[in-house]
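Read-outs throughout are calculated quantities, based only on the coordinates presented, and are distinct from any laboratory measurement. Fair warning: this is a prediction, and the values are worked out from it, not measured in the lab. Neighbour counts are summed over all protein chains in view; Cβ atoms, including those assigned to glycine, are modelled from backbone coordinates with ideal geometry.
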Number of protein chains: 2
Amino acid sequence: MADALFKALADPTRRKILDELAERQGQTLFEICSRLSMKHRLGLSRQAVSQHLAVLEAAGLVESRREGRYKFHDLNTEPLRHIAERWIRSDQSDHRETP
Amino acid sequence: MADALFKALADPTRRKILDELAERQGQTLFEICSRLSMKHRLGLSRQAVSQHLAVLEAAGLVESRREGRYKFHDLNTEPLRHIAERWIRSDQSDHRETP
DNA sequence: TCGACAGGCAAGCAACCACTTGCCTATAGT
DNA sequence: ACTATAGGCAAGTGGTTGCTTGCCTGTCGA
C-alpha cells in the first residue's frame, strides 16, 4: 500500500500529471496529454499517459469517474497527507525556520 | 533535486533504513546491516546497504560523518517536511476527519 | 447507420535499478 | 610489522519499468 504510493511518486512524469490535476480537476486523458505536451514539451503517447494514470489510481492518488465516452480524473491528496509522519513524529532535531 | 528525493523513497528497503535511523541515530554501516537482517529478515549484502545509503545521502535524507574507521549515519527529516505541499496547498476538497 | 472520437488491452523493447561478486584502501589493535 | 575490521570502487546480471506499436471496444454526432 505504501509501496504503491511511493512508486507512483517516483516518476517525474507522474508528478507532473499530479500537478496538472491539482491545477484543474476532472480532466480527461486527452486533456492531460495535450497539457503535458504544451506546457512541459513532453512528447508522450496517449497510452503512456494512460498507464501513468493507472499507476496513480492504484496508489489512490487519482480517482476516475466515467461519463459517457469520457473519463474524468480527479486528484486525491489524502494519501499524501501522512507520508512524512512515519519518520517525523519522533523528531528530536530542531528544524524551526531560520530567524 | 525532488527527483532524487522521490526516487530514494521509492525503494522499500531504503524506507526501512530510514526507519532504523529514525529509531537510533548515528549508526554505522554494519549496525544497519545487522539490524535489517535481525528485525526484518533481510539478507542483504553489505554493499547493497552501502549503495542504498549513498542514494539516501544524495537525496539529503541521510548525512554521514566520518570518525576514524567508522562512518556514522544520521537521518535528516528536513527534505520530508515539504513533500506534499506541492499538491496540497491549493486543495479545494474537504478532507476533514470523518464525523 | 456509419464514421469519428475517447479510451482499453496486450505484446515487445530498451533503459534502468537493485543486488552480487571480486578486489582495493585505510584505520585500529596486538 | 602484520592482521583484522570498517568501508569503498567497479564490473556484471536478472528483474523491473516506461514507452511504443498494433489492434480492439464503446459512445456520440451527422
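Across peptide B:7-16, the mean count of Cβ atoms from other chains lying within 10 Å of each residue's own Cβ comes to 4. Annotation: the protein assembly as shown has a Kirkwood hydrodynamic radius of 18.7 angstrom, from the mean reciprocal C-alpha pair distance. Averaged over peptide B:78-84, the number of partner chain Cβ atoms lying within 10 Å of each residue's Cβ comes to 4.
Taking amide H as placed 1.01 Å from N in the peptide plane, the amide H of A:LYS71 sits under 5 Å from that of A:LEU29, each at least 5 places away or on another chain.
Here is how far apart the A:ALA4 label points are across copies: 3.1 nm, shortest first, using a point 7 Å from Cα toward Cβ. The calculated P(r) of region B:1-55, using every Cα pair and 10 Å bins from 0, goes 23, 59, 17, 1 in percent.
The orientation-averaged shadow of the Cα convex hull for chain A, equal to a quarter of the hull surface, comes to 8.4 nm². Taking Cα atoms only, the orientation of helix A:12-23 departs from the longest principal axis of chain A by about 80 degrees. I'd like the orientation of helix A:46-58 relative to chain A: the angle between its Cα long axis and the longest Cα principal axis, in ° from 0 to 90, rounded to 10. Relative to chain A, helix A:46-58 is tipped by roughly 40 degrees.
Model label sites at B:ARG89 and A:SER37, defined 7 Å from Cα along the beta-carbon direction, differ in position by 3.0 nm. Between helix B:29-40 and chain B there is an angle of about 60 degrees, using the helix long axis and the longest principal axis of the Cα atoms. The orientation-averaged projection of the convex hull spanning the C-alpha atoms of region B:32-72 amounts to 3.2 square nanometres. Label point of A:GLU78 (7 Å along Cα→beta-carbon): distances to the other copies' equivalent points are 3.4 nm, sorted ascending. Chain B's nearest residue to the axis relating it to A, judged by Cβ and reported with the distance in whole Å, is B:ALA10, 2. Length gained on full extension, A:ARG24 to A:ARG66, computed as 0.36 nm times the residue gap minus the Cα-Cα distance: 13.4 nm.
Legend: mean number of C-beta atoms from other chains within 10 angstrom of residue C-beta atoms, peptide B:68-75, equals 1.
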